[in-house]
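The values are calculated or read from the model by the stated rules, or taken from the named source; none is laboratory data. Computed from a prediction, not measured in an experiment: that's the story for all the values here. Positions of Cβ are backbone-derived with ideal geometry, glycine not excepted, and every protein chain shown enters the neighbour counts.
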């Protein structure tokens, strides 16, 4: 009976915290419908962030896309994050960047009863170059560095991909 209670408690904790393994913090790439020939912004966010200060995609990791569908115009930080290094390869279809929260860190306010907290930290501006109806996945292959304000690594679950769909203007 005692073993059943412990097991039930563990299942309940996993359900309430939306755990996937031991990870609660994730990086998610947004989705976007953009008119043919137009531009738009795709947000990269942190889900359930701890005291986060630095994120780096590269030199190993990439944000990948189909360059026949979109071209990346720029990468900027939001919500206190600053992008201080960017490499955009619109021929091969990938981006690498490093961003940080200068002089501090993003410290989310925890509110009782709040389910999933998502905070945008980077915006990727894209130009639609494909035909109406074409689409591309936006996939982060690896997060090379994600640290707290002291510089300690923060464990992450696998990044969640986004997509861009070209729609009629």
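Exactly one of (1) under 16 Å from the mean Cα position of the chain (by Cα); (2) under 26 Å from residue 34 (Cα atoms) is unmet by residue 89. Its number? With respect to (1) under 16 Å from the mean Cα position of the chain (by Cα); (2) under 26 Å from residue 34 (Cα atoms), residue 89 is out only on (1).
Within the stretch 82-95, take every residue that is assigned to a loop (DSSP other than H, G, I, E, B) and in contact with a strand residue (DSSP E or B) (Cβ under 9 Å, 6 or more places away or on another chain) and give me the one that is farthest from residue 42 (Cα to Cα).
From the stretch 82-95, those assigned to a loop (DSSP other than H, G, I, E, B) are 90-93; that's our starting set.
Keeping just the survivors that are in contact with a strand residue (DSSP E or B) (Cβ under 9 Å, 6 or more places away or on another chain) gives 90, 92-93.
Values: 90: 16, 92: 19, 93: 15 Å.
Across the stretch 82-95, the extreme among qualifying residues is 92.
Condition check: within 18 Å of the chain's Cα centre (by Cα), surrounded by 14 or more Cβ atoms within 10 Å (Cβ to Cβ) and at pLDDT 95 or above. Does residue 154 satisfy that? Spell out how you get there, then give the answer.
Values: within 18 Å of the chain's Cα centre (by Cα): yes; surrounded by 14 or more Cβ atoms within 10 Å (Cβ to Cβ): yes; at pLDDT 95 or above: no.
It is false that residue 154 is within 18 Å of the chain's Cα centre (by Cα), surrounded by 14 or more Cβ atoms within 10 Å (Cβ to Cβ) and at pLDDT 95 or above.
The condition of being more than 15 Å from residue 136 (Cα to Cα), touching a residue at least 24 places away in the same chain (Cβ under 8 Å), in a loop (DSSP other than H, G, I, E, B) and out of contact with any helix residue (DSSP H, G or I) (no Cβ under 9 Å at 6 or more places or on another chain) holds for only one of 79, 66, that being 79. Scanning the stretch 115-169 for residues that are in contact (Cβ under 8 Å) with a residue 60 or more places away in the chain and in a strand (DSSP E or B) yields a total of 28.
May I ask you to verify whether residue 142 is at pLDDT 95 or above and under 13 Å from residue 27 (Cβ atoms)? Can you show your working first?
Working: at pLDDT 95 or above: yes; under 13 Å from residue 27 (Cβ atoms): yes.
The answer is yes for residue 142.
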